[in-house]
Amino acid sequence: MQNKILEVEKIIGNELKIIDEIAFYNSNKVINAFWQNKVSESHFSATTGYGYGDVGRETLEKVYSDIFKAEDALVRNQFISGTHAISTALFAILRPKDTMLSITGKPYDTLDSVIGFNDNASSLRAFDINYDEVDLIGDDFDYEKIKEKITSQKIKLVTIQRSKGYSLRKSISLEKLEKVIKYIKNINQEIIIMVDNCYCEFVNKKEPIEVGADLCIGSLIKNPGGFIATNGAYIVGKKELIHLCSERLNVAGEAKEVGPSLGATKSFFQGLYLAPSVVANSLKTSIFAAYILENKGYKVEPKWNEKREDIVQMIIFNEEEKLIKFIQGIQMGSAIDSFAIPEPTEMPGYDDEIIMASGSFTQGSSIELSCDGPIRPPYVAYLQGSVTYEYGKIGILKAIENVK
Ligand SMILES: *Cc1c(COP(=O)(O)O)cnc(C)c1O
């Protein structure tokens with residue numbers, strides 16, 4: 001097995017080197033933010049109750065602001081998930097009769113009830129907030145349609161989802177993001193640009209605020225939590241928008257001043273410190289998987305030598321049986337619950353049955369080796385994560401063995 005791995009690594013070696021170089025660059029960014037903000041042991045102490053005067057929480061938010069080149073940040077354990085942070089931002093900014101526009105087609109499935117596709121009484125739609133969307137054409141933005149939408153009606157907010165969710169498209173690069181943001185702002189400076197940055201943090205050298213986004217959001221049980229954070233999410237961006245988000249998350253009039261860290265701050269700092277390396281390990285695992293599976297005749301996206309925008313690796317199996325066997329194999333190769341055998345099940349918010357391998361230390365954590373997919377043609381596995389490249393390789397080989 002070791003010989004086979006060495007053979008593969010000879011071929012993918014240059015790609016692995018590029019990943020190392022980006023991880024070095026991003027580690028510099030992170031450590032510089034620690035230095036600038038004089039992160040100290042005293043920042044690790046817990047606050048309880050209202051959480052007034054939480055210097056650790058405030059310093060962490062300054063560190064996030066520096067890394068993401070944002071005016072302000074909200075990094076909180078009170079966020080249940082990435083979806084909760086996105087929902088908080090939408091409810092914070094939009095008012096009755098306002099319209100939001102998604103320009104990457106239908107957003108991530110868990111936002112269905114937030115937007116109100118299904119008549120949820122707590123949705124934006126229930127508050128008379130409108131939704132419109134423009135699909136991508138191929139893998140790029142539909143500039144003509146976007147122009148038509150933002151000039152023919154008043155759009156308050158444009159949302160852009162970089163990662164692909166369970167779609168078959170490519171993820172959105174920073175170059176494409178920059179171009180479309182410039183295009184929109186040239187037509188109407190007032191439109192607020194919100195970016196769902198889930199799975200994209202530290203994959204490249206820049207982040208969305210640097211290319212003109214007003215708000216950028218992600219989950220701490222994905223990339224920036226570095227496997228150490230056990231819950232939470234972040235929002236970074238314009239100061240007045242972060243203020244609105246904090247008042248929606250917490251309470252009007254108390255904004256960022258409240259929110260007990262309950263001891264989570266140390267793990268948020270530790271996770272952020274490790275995040276560039278953990279993301280690199282996850283990317284290496286994806287490259288390794290892409291190379292081997294492509295050579296076995298499966299279509300993969302991205303290809304092993306293609307530039308990556310997120311940590312997600314698509315493997316197109318075209319056969320239900322193979323998809324299921326692969327995902328079960330990832331579970332067998334995981335650290336936790338390796339003996340469990342995942343089966344396709346119905347899940348709230350999804351039209352098709354879903355099968356998920358998540359043998360993770362933290363429930364639902366997908367910066368840890370994980371793999372999932374909907375049971376529908378073309379039977380695609382969405383593979384992501386791995387805290388170390390070594391465990392990643394072991395898991396991938398186990399899964400491939402299980403497909404045979
Ligand atoms: C993971 C993810 C989210 C948020 O999901 P949670 O499970 O609620 O944290 C949102 N958008 C995309 C594209 C994602 O991958």
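The values are calculated or read from the model by the stated rules, or taken from the named source; none is laboratory data. These numbers come from a predicted model, not from an experiment. A quick note on method: Cβ atoms are made from the backbone with ideal geometry, for glycine too, and the neighbour counts reach across all protein chains shown. Side chains included, ligands, DNA and RNA excluded: accessible areas come from the protein's heavy atoms. Shrake-Rupley method; radii C 1.70, N 1.55, O 1.52, S 1.80 Å.
Ignoring any ligand, DNA or RNA, what whole percent of the accessible area of segment 42-271 comes from carbon and sulfur when the probe is 1.4 angstrom?
On segment 42-271, the fraction of accessible area on carbon and sulfur atoms equals 52 percent.
Can you grab the distance from the C-alpha centre of segment 11-35 to the C-alpha centre of segment 276-305, Å, no decimals?
17 Å
What's the ranking of 152-162, 28-38, 210-220 by average number of surrounding C-beta atoms within 10 Å, highest first?
Highest mean packing first, the order is 210-220, 152-162, 28-38.
Averaging sequence separations of C-alpha pairs under 8 Å and six or more residues apart, then dividing by the length of segment 42-271, give the relative contact order as a whole percent.
So the answer I get is 31 percent.
Applying a 10 Å radius around every beta-carbon, put 199-207, 142-150 in order of their mean neighbour count, most first.
Going from most to least packed, we get 199-207, 142-150.
Taking the Kirkwood radius as the inverse of the mean 1/r across Cα pairs, report the Rg/Rh of segment 42-271.
0.96
List, in order, the whole-Hz ³J(HN,Hα) value for each residue of segment 85-92 obtained from phi through the Karplus relation with A = 6.51, B = -1.76, C = 1.60 and θ = phi - 60°; use x for Gly and Pro.
5, 5, 4, 4, 5, 5, 5, 5
Can you tell me the accessible area per residue over the chain, all protein chains present, probe 1.4 angstrom, in square angstrom?
Ligands and nucleic acids excluded, the result is 43 Å² per residue.
Taking R0 as 30 Å, what FRET efficiency do you get between S152 and N318 from their Cβ-Cβ distance, rounded to the nearest 0.05?
0.15
Taking a probe of 1.4 angstrom, what is the accessible area of L283 in Å², to the nearest 10?
The value for L283 is about 0 Å².
Taking the 0 to 90 degree range and rounding to the nearest ten, how far is the long axis of helix 265-295 tilted relative to the main principal axis of the chain, both from C-alpha atoms?
The answer is roughly 40 degrees.
Given K69/K266; K69/K238; K62/K182, which pairs have Cα atoms separated by over 19 Å?
K69/K266; K62/K182
What fraction of the DSSP beta bridges in the chain is antiparallel, stated in percent and rounded to the nearest 5?
Given both bridge residues lie in the chain, the antiparallel proportion sits at roughly 65 percent.
Using the alpha-carbon centroid of each, what span in Å lies between segment 321-369 and segment 196-250?
For segment 321-369 versus segment 196-250, the Cα centre distance is 26 Å.
Can you give the relative contact order of the chain as a percent, counting alpha carbon pairs under 8 Å and 6+ residues apart?
About 18 percent, as a whole number.
Averaged across orientations, what area in nm² does the convex hull of the alpha carbons in the chain project?
Here the figure is 19.3 nm², rounded to one decimal.
Would you kindly find the accessible area of F361, with a 1.4 Å probe and non-protein molecules such as ligands, DNA and RNA excluded, rounding to the nearest 10 Å²?
In the full protein context, F361 sits at about 140 Å².
Which order do H43, H243 take by accessible area at a 1.4 Å probe, largest first?
Result, largest first: H243, H43.
For R95, tell me the accessible area in Å² from a 1.4 Å probe, rounded to the nearest 10.
100 Å²
Given a Förster distance of 25 angstrom, what is the FRET efficiency for E210 paired with K17, based on the Cβ-Cβ distance and rounded to 0.05?
Step by step, r from the Cβ atoms, then E = 0.55.
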